[in-house]
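In what follows, a structure is listed as structure tokens, so that the remarks can point back to it.
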Amino acid sequence: HGESQWNLQNRFTGWTDVDLTEKGQKQARRAGRALVDAGIRFDLAFTSVLKRVIRSQWLIVDEMDLMYIPVISHWRLNERHYGALTGQSRADVIAQFGEEQVWQWRRGYASRPPLMASDDPRAPSNEDRYRHLPSDLLPLGESLEDTVARVRVFWEDAIKPALQQDKDVLICTHGNSQREGSGER
């Protein structure tokens, strides 16, 4: 997705539903124009359920004159959940916990940040958009490994079958939702 309001403020965003900045909107439109210039077309789009990605996808397909393609939004494509770090500035978290610990939380593959309390109003189980899901599916904080496992389920169930049907798919998502690796520097 394009730059979000909290990307600009260098805050841990995770599942918080913040919108794009004006720059982020321009980035998404520019991506759409680049795809048109490259002669790429899509049959179907996938997004998370967070507005920064949904709006990026809208702007991309608008630039491509593909507003008619089906769009599937799913929570499994959401950004990594940053737990109790959500909303805090990276500088404040580094000052509190140290740069090495923050690096481990951000890029260590199996390292989870401190979990968000389940009664926190920002916890996914307390949000309407997730009310139809069992609360045990919804994270209170995730490692990159947890995020990859969550996304992999949707990949296998929805994206891979579309690709196997020779569909050209646009996947609008978050950086951590498409990352897989060992967390090496």
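Each value in this text was obtained by applying a stated rule to the coordinates, not by laboratory testing. The structure displayed is predicted, hence computed values, not measured ones. Here the Cβ is made from the backbone with ideal geometry for all residues, glycine too, and neighbour counts use every protein chain on show.
Structure above, values below:
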quantity	calculated
For the chain, with +1 on Lys and Arg beta carbons and -1 on Asp and Glu, the positive-most of Y109, S4, V151 along the dipole	S4
Proximal lysines relative to K23, as straight alpha-carbon distance under 26 Å, when same-chain residues fewer than 8 apart are discounted	K51
Compactness of region 71-120 - radius of gyration and Dmax, Cα, Å	12.8, 41
Magnitude of the charge dipole, the chain, Cβ model with Lys/Arg +1 and Asp/Glu -1, debye to 20	300
Distance-filtered residues of region 1-45 - backbone nitrogen under 16 Å, label point 7 angstrom along R122 Cα→Cβ	4-19
